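Only one structure is covered here, and it is reproduced in the block below.
The values are calculated or read from the model by the stated rules, or taken from the named source; none is laboratory data. Values in this document were obtained by computation on a predicted structure and should not be read as measured data. Counting neighbours? That spans all protein chains shown, and the Cβs are built from the backbone with ideal geometry, glycine included.
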């Protein structure tokens, strides 16, 4: 199994966490977004959007991290990263979707490149843009986490789920975009709990072979 990814990509980061939590063997294939490698014809033959991550296994090519993560859960169900109960699974997916649907798409690289190079926004404006959407999403997530009185150390229950993979990757981005996390004590506590697990540490951007 090959995973084409970029060390700083939030979508790649969340997928690496899931792969590690499931204990899977996989090959890291770096796609240097800074060098525009995602626009190379060879890569776009795998992923027409030119996005990371992309999973390749034999003749199978999968794109879009939510689809890849769901496929991994179905293909390798143990350990499960979703609760057994359908209602609880929906809650975990909703927590993940706050990041995957409502925060990350507004802060990904192609949006930031458009702000910088087409709209000519300076770095202060770019950080303000990122902060606006991260804070809005984190405020909602913090309330959702606080309302779950049965929650353990993670986003749901006492073990990591899809939601934790999404959240930790977004917390990494929030720090890079200089967002103050002190208003979100539940999010900070979950991030600390996850940092104690090797699967999360090994997936961190700083620990990837293409990190500089």
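Worth a mention:
- Verdict on residue 90 being assigned by TED's automatic domain parsing to the domain that holds residue 152, closer than 30 Å to residue 158 by Cβ and either touching a helix residue (DSSP H, G or I) at 6+ places or on another chain (Cβ under 8 Å) or assigned to a strand (DSSP E or B) (or both): no
- Screening residue 211 against (1) within 25 Å of residue 53 (Cα to Cα); (2) touching a helix residue (DSSP H, G or I) at 6+ places or on another chain (Cβ under 8 Å); (3) outside any loop (DSSP other than H, G, I, E, B) leaves a single unmet condition, (3).
- Qualifying position, being surrounded by 20 or more Cβ atoms within 10 Å (Cβ to Cβ) and either touching a strand residue (DSSP E or B) at 6+ places or on another chain (Cβ under 9 Å) or not in a loop (DSSP other than H, G, I, E, B) (or both), among 140, 165: 165
- Criterion violated by residue 104 - all others in (1) at positive phi; (2) within 19 Å of the chain's Cα centre (by Cα) satisfied: (1)
- Taken over the range 31-72, the criterion of being surrounded by fewer than 17 Cβ atoms within 10 Å (Cβ to Cβ), touching a residue at least 60 places away in the same chain (Cβ under 8 Å) and not in a loop (DSSP other than H, G, I, E, B) is satisfied by no residue.
Let's see how each residue does on (1) assigned to a helix (DSSP H, G or I); (2) at pLDDT below 95; (3) farther than 29 Å from residue 180 by Cβ:
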position: 78; (1), (2), (3): no, no, yes
position: 83; (1), (2), (3): no, no, yes
position: 98; (1), (2), (3): yes, no, no
position: 101; (1), (2), (3): yes, no, no
position: 119; (1), (2), (3): no, no, no
position: 129; (1), (2), (3): yes, no, no
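- Listed by first and then second residue, the pairs linking a residue in the range 100-119 that is assigned by TED's automatic domain parsing to the domain that holds residue 52 to a residue that is part of a helix (DSSP H, G or I) and at pLDDT 95 or above, with Cβ atoms under 6 Å apart and 6 or more places separating them unless they lie on different chains, form an empty list.
- Subset of the range 180-192 that is within 17 Å of the chain's Cα centre (by Cα) and touching a residue at least 40 places away in the same chain (Cβ under 8 Å) - its residue that is farthest from residue 151 (Cα to Cα): 187
- Looking only at the range 4-30, residues that are more than 10 Å from residue 165 (Cβ to Cβ) and not in a loop (DSSP other than H, G, I, E, B) come to 9 in all.
- Meets criteria (modelled with pLDDT of 95 or more and either crowded, with 20+ Cβ neighbours inside 10 Å or under 26 Å from residue 22 (Cα atoms) (or both)) for residue 114: no
- Filtered residues of the range 179-204 (kept if over 22 Å from residue 92 (Cα atoms) and in contact with a helix residue (DSSP H, G or I) (Cβ under 6 Å, 6 or more places away or on another chain)): 179, 202
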